[in-house]
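Scroll down for the structure; my scribbles are underneath it.
The values are calculated or read from the model by the stated rules, or taken from the named source; none is laboratory data. The structure displayed is predicted, hence computed values, not measured ones. As a convention, Cβ positions derive from the backbone with ideal geometry for all residues, glycine included, and neighbour counts pool all protein chains shown.
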Amino acid sequence: MKLAAKSHSHIEIFLREHVGDDSLRLPPLTIYCGRFAGLITRLIGAGAVTLGRFMLVSPRLAVRDERGRVSVPGWLMAHEAMHVVQYGRVGVIRFLIEYFGGYWRTLREGKRLNAAARMHAYFSLAEEYDARAAESAYRTWLLRAVDESEVAETRRDDGHAAT
């Protein structure tokens with residue numbers, strides 16, 4: 001399914017601020033959260049994986065409302081959309097070469113293939129570091145937006161002009 005226009009705009013506005021690029025434009029994003037997405041995310045042990053502008057999200061992180069619309073957590077969208085930005089910067093092939101090259105390089109340096117070594121290799125990736133930073137910044141950005149709207153609402157309630 002396509003990411004809803006309102007959600008797309010929301011994440012795009014956040015990312016523009018986060019990366020400091022007012023010209024940033026996200027391509028249309030497609031999210032899959034069915035059985036295939038569940039299988040892939042389980043196999044790699046992740047909540048989601050992004051390839052280009054396509055996101056596979058674990059069904060356990062997707063919530064379907066009474067009208068059948070699916071929603072995923074905003075922090076996850078920020079993380080995965082940051083990968084979309086990374087793909088856009090270097091292209092799909094180069095992104096994958098750098099991503100998996102860095103992963104395997106870290107595994108080789110550690111000389112182990114156990115779960116702890118694989119987790120260390122994953123967390124060592126520059127691409128994941130940037131995506132986790134976006135995820136964290138999104139949470140702060142969202143809280144700030146809520147605080148600002150509460151301040152504006154309080155000012156209106158007190159008869160003060162909101163600025």
Worksheet item: Looking at this structure, is Gly20 closer than 26 Å to Trp141 by Cα and touching a residue at least 40 places away in the same chain (Cβ under 8 Å)?
Response: no
Response to the item:
Reported set for the stretch 24-36 where residues are loosely packed, with under 15 Cβ neighbours inside 10 Å and under 19 Å from Gly52 (Cα atoms) is Arg25, Pro27, Pro28, Thr30, Gly34, Phe36
Item to complete: Just one of (1) modelled with pLDDT of 95 or more; (2) over 17 Å from Arg89 (Cα atoms); (3) of a type in the set (Gly, Ala, Ser) trips up Gly20, so point out which.
Response: (2)
